[in-house]
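Notes for the one structure printed next.
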Amino acid sequence: MNVYAFLKKVIHAVIADFMSTGQIPTCVNRLSFSCERARDAHHGEFSTNAAMILGSMIGSKPYHLAKMIAARLQNTQAVADVVVAGQGFINIRLTADFWQDRLREILNAGLSYGNGTLGAGRRVNVEFVSANPTGPLHIGHGRGAVVGDALAALLEKVGYAVTREYYINDGGTQVDILARSTYLRYCEALGEKIGAIPEGYYPGAYLQPIGQALASRDGNRWLHMPESAWLDPVRTFSINAMMKAIRADLEALGVRHDVFFSESRLIADGKIEAAVRLLEEHGLLYEGMLEAPVGKEVKDKEMKPQVLFRATRFGDHVDRPLRKSDGRWAYFASDLAYHLDKHHRGFSHMIDVWGADHSGYVQRMQAAVQALTGGKSTLDVKLCQMVNLLDDGQSAKMSKRTGTFVTLRAVIDRVGRDVVRFMMLTRKSDAHLNFDFTKITEQSRENPVFYVQYAHARACSVYRHACLIFHNDNLCEKNLATSALHRLTDPSEICLIRILAGWPQLVEGAAEAHEPHRVAYYLCEVAAAFHELWNKGQDLEELRFLNSDNPELSIARLALVKGVSTVLASGLAVFGVEPVQELR
C-alpha cells in the first residue's frame, strides 16, 4: 500500500461526501492537494493542505474547512488523532493497528513489496552509456551506466516495460580515426617502426592488443596497402574489438543492455534522409545562415547557407543545422533519425542518460522529438556530472593504462562492483560526485555503503540468533506475518514500521521523477532507524529484539527485523547490489 495515496483517497472521500450533502459547494471532480510527512513529528505523522486548496477554490476560510474535515477524519478507522494547525493544515496520526498491518503486508509481499502499477505496461526506452567505441570506459561512463541501469530497474518495479539500449556511434569520423590508429598498432605488431603517434590519433596503449590481434588474423595482408584498401575492414575489426571490451566492462559492473543499436546501420538504411524528408513535409526546414556565436569572429567564406531545422518553434533558443559545411550530415541529423526510429519501434517514452558536457544538446533533441513525433513521444535527458576520484581527500593516484584517464575496470577491480554501483547513486546525477577510496572502505556511518549493508547484515544476524534460541524452522516471512504484531507498540518500533511503509511511495516518486538517487537516501534512513532501535535495546532490556523469556514479543520483534532486511534487500535490488548476510 502507498500510505500517502491511501490518505489522499480517504480525504477525497470526506470532501466528496460534504459536497454530496451540500455542506460545501460542489467545485471540481478532481481536487489536487498534497499529503506529506509532517515536518514536526510531535504534531503528527502526516500533514495535508487539502483545506487550504479547497478554501481557495470555493471562497471559504481554510481553518473552518480544516475543522470540518478533521472532525470527519477522526471517525475514520485507521486514524488515531487529527489536529488542525496554522491557517488550516491538517496533521494526522494513524493507529498502531494500521502500522502493524503494514508490517504484515511487507512480510507477505517479500522482495516484491513496493512494486506498483504506475507504468501500466507502457513501453519506455532507456538509452545509457552509448560511449564512442574508440576507447575503454572511464569512471564517468560508469556513473552513467549505473544511473541508467538503476533508473530502468525503478521503472520496471512500478510496472513499465523497459528496454535498455546502447547506441553505438560507429558512423562518424571518430571511427575512421580509430581505424587509422589501429592500423598503426597493426604495423607495429608486424615489426614496423611507427614513430610518434600523429596528433589527432588515439594514442592509448589499449590499441596495441587490437593491432596484434589484427596481425594474428590477417598477417601482413594490409601492410603497405593504400588506405582505401584497408580502412573499411580495419574499422570493422576495431569497432568489434572495442565493443567486446566495453561489453566486458559493463558485465563486470553488472550492467546489461537489451539492444545495441548501430549508427552505421541507421545511415545505411537511409533513415537520416527519411527523417529529414518528414521535417521538410511539415515545413520545418529552411535554408539560411546562423549568426556567429557571441564573442566569435566568423570569416565571410565560412558564412554559407545551411539547411536549418526550425527548433525555435519547439522551445529551443536557436534553429539548428542538419548538414556540415562540407555537405555531410551533422551528428544532429543522425540523432534525429535515431530517436525517430525509437518512436517507430513503439516508444512514446524515451530517456537518455548523457554526460554533463552534452547539456547544450538537450533542448535541440527534445525539440526534434516533439517535431518528428507530433508530440506523441517525449524525451527526458538525465545528465551525469563528473566523478572526482580521491584517496583520503587527495587526487587518487592510479595506473592510467590509456595515458589520459582512469578506466572503469580499474576502479571495479580495486573496490568491487557493488561499492561502485552504490556510490554512484548517493548523489543526484547532475551533481559532482567525490569517490574517495579511503572513505568508502571506512566502517562508519559516514560511509553509506557500509552503513546500509551493516544494517542488513545485523538484521540477518538477529534472525540467525533467533533460530538458535527458539529452535523453530518456521520463522519465514509468511509465518512471521501471523505472529502477535500487536505487541509492537513502542514509539521507536512504530516509527521504524512507518519508515518501512514509505517504500512504495518512495519507489513511485523516484520513478516518476527519474531520480534513482532517492533510493540511496531512503536506504540510509531505514538503516539509521534500525541501528538506533538496536542500540536502544542494548541500553534498555525491555527493547531488546530477542528475549527467551518472552517468545511472543520476541517473534513479533523478529518480524520487524525481517521487515527491515526485506525492504533493504528490495532497495539494494533496484541498485543491482547484493545485500550481504554478514560483514567480514
Study note, to complete from the structure: Within region 175-215, of all residues that are under 24 Å from Glu251 (Cβ atoms) and of a type in the set (S, T, N, Q), the one surrounded by the most Cβ atoms within 10 Å (Cβ to Cβ) is Thr182
Review point. Regarding Asp170, is this residue within 30 Å of Ile272 (Cβ to Cβ), out of contact with any Asp or Glu (no Cβ under 8 Å at 6 or more places or on another chain) and either touching a residue at least 24 places away in the same chain (Cβ under 8 Å) or in a loop (DSSP other than H, G, I, E, B) (or both)?
Key: no
Exercise for review: Please find, among Ala51, Ala96, the residue that is of a type in the set (Gly, Ala, Ser), in contact (Cβ under 8 Å) with a residue 24 or more places away in the chain and within 25 Å of Leu485 (Cβ to Cβ).
Suggested key: Ala96
Check your understanding: So which of Arg464, Arg414, Arg409, Arg458 ends up being farther than 27 Å from Glu525 by Cα, out of contact with any helix residue (DSSP H, G or I) (no Cβ under 6 Å at 6 or more places or on another chain) and not aliphatic (A, V, I, L, M)?
Key -> Arg414
Check your understanding: Inside region 242-255, can you point out the residues that are assigned to a helix (DSSP H, G or I), among the aliphatic types (A, V, I, L, M) and surrounded by 20 or more Cβ atoms within 10 Å (Cβ to Cβ)?
Key -> Met242, Ile246, Leu250
Practice item. Would you check if Glu508 is part of a helix (DSSP H, G or I), modelled with pLDDT of 95 or more and surrounded by fewer than 16 Cβ atoms within 10 Å (Cβ to Cβ)? Key: no
Study note, to complete from the structure: Among residues of region 515-549 being among the acidic types (Asp, Glu) and over 20 Å from Gln443 (Cα atoms), the residue surrounded by the most Cβ atoms within 10 Å (Cβ to Cβ) is Glu515
Check your understanding: Restricting attention to region 40-74, which residues are assigned to a loop (DSSP other than H, G, I, E, B), of a type in the set (D, E, K, R) and touching a strand residue (DSSP E or B) at 6+ places or on another chain (Cβ under 7 Å)?
Key -> Glu45
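Can Lys376 be described as within 21 Å of the chain's Cα centre (by Cα) and either in the same structural domain as Ala511 (by TED's automatic domain parsing) or basic (Lys, Arg) (or both)?
Criteria not met by Lys376.
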Check your understanding: Which numbered condition trips up Ser228, out of (1) buried (at least 17 other Cβ atoms within 10 Å of the Cβ); (2) modelled with pLDDT of 95 or more?
Key -> (1)
Study note, to complete from the structure: Going through region 547-578 in order, the residues found to be under 19 Å from the mean Cα position of the chain (by Cα) and in a loop (DSSP other than H, G, I, E, B) are Gly576, Val577, Glu578
Point to revise | Residues of region 261-289 satisfying the condition of being exposed (fewer than 14 other Cβ atoms within 10 Å of the Cβ) and outside any helix (DSSP H, G or I) | key: Asp269, Gly270, His282, Gly283, Tyr286, Glu287, Gly288, Met289
Review point. Which of the residues belonging to region 305-338 are among the charged types (D, E, K, R), buried (at least 20 other Cβ atoms within 10 Å of the Cβ) and assigned to a strand (DSSP E or B)?
Key: Arg320
Point to revise | Complete set of residues in region 310-352 that are under 19 Å from His282 (Cα atoms), among the hydrophobic types (A, V, I, L, M, F, W, C) and in contact with a helix residue (DSSP H, G or I) (Cβ under 6 Å, 6 or more places away or on another chain) | key: Ala311, Phe314, Leu322, Ala333, Leu336, Ala337, Leu340
Review point. Which residue pairs have Cβ atoms closer than 9 Å, lie 6 or more positions apart in sequence or on different chains, and pair a first residue in region 516-531 that is within 14 Å of Ser570 (Cβ to Cβ) with a second residue that is surrounded by 16 or more Cβ atoms within 10 Å (Cβ to Cβ) and of a type in the set (S, T, N, Q)?
Key: Pro516/Ser429; Ala520/Thr426; Ala527/Gln453
Exercise for review: Might you let me know whether region 554-564 holds any residue that is under 29 Å from Arg256 (Cα atoms) and in contact (Cβ under 8 Å) with a residue 24 or more places away in the chain?
Suggested key: yes
Exercise for review: Among the numbered conditions (1) in contact with a helix residue (DSSP H, G or I) (Cβ under 6 Å, 6 or more places away or on another chain); (2) more than 30 Å from Gly140 (Cα to Cα); (3) not hydrophobic (A, V, I, L, M, F, W, C), tell me where His471 comes up short.
Suggested key: (1)
Revision key, fill the gap. Over region 173-201, the set of residues part of a helix (DSSP H, G or I), under 38 Å from the mean Cα position of the chain (by Cα) and not small (Gly, Ala, Ser) is Thr173, Gln174, Val175, Asp176, Ile177, Leu178, Arg180, Thr182
Practice item. Could you tell me whether Leu523 is modelled with pLDDT of 95 or more and over 25 Å from Leu425 (Cβ atoms)? Key: no
Review point. Could you say whether any residue in region 131-154 is surrounded by fewer than 18 Cβ atoms within 10 Å (Cβ to Cβ), more than 30 Å from Leu214 (Cβ to Cβ) and within 29 Å of the chain's Cα centre (by Cα)?
Key: no
Exercise for review: Kindly list the number of the only condition in (1) farther than 27 Å from Tyr338 by Cα; (2) modelled with pLDDT under 95; (3) touching a helix residue (DSSP H, G or I) at 6+ places or on another chain (Cβ under 8 Å) that fails for Gly135.
Suggested key: (1)
Check your understanding: In region 14-39, what residues are closer than 15 Å to Val82 by Cβ and without any contact (Cβ under 8 Å) to a residue 40 or more places away in the chain?
Key -> Cys35
Review point. Among the residues of region 532-541, which ones are outside any loop (DSSP other than H, G, I, E, B) and either out of contact with any helix residue (DSSP H, G or I) (no Cβ under 9 Å at 6 or more places or on another chain) or touching a residue at least 12 places away in the same chain (Cβ under 8 Å) (or both)?
Key: Glu532, Leu533, Trp534, Asn535, Lys536, Gln538, Asp539, Glu541
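Being within 19 Å of Gly144 (Cβ to Cβ) and either buried (at least 19 other Cβ atoms within 10 Å of the Cβ) or basic (Lys, Arg) (or both) is true for just one of Val362, Val369, Val406. Which residue is that?
Going through Val362, Val369, Val406 in turn, just one is within 19 Å of Gly144 (Cβ to Cβ) and either buried (at least 19 other Cβ atoms within 10 Å of the Cβ) or basic (Lys, Arg) (or both): Val406.
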Review point. Taking region 411-456 as the region of interest, how many residues are assigned to a helix (DSSP H, G or I) and either hydroxyl-bearing (Ser, Thr, Tyr) or under 24 Å from Lys382 (Cα atoms) (or both)?
Key: 14
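The values are calculated or read from the model by the stated rules, or taken from the named source; none is laboratory data. Just so you know, these numbers come straight off a predicted model, no measurement behind them. Virtual Cβ from ideal backbone geometry, glycine too; neighbours counted across all protein chains shown.
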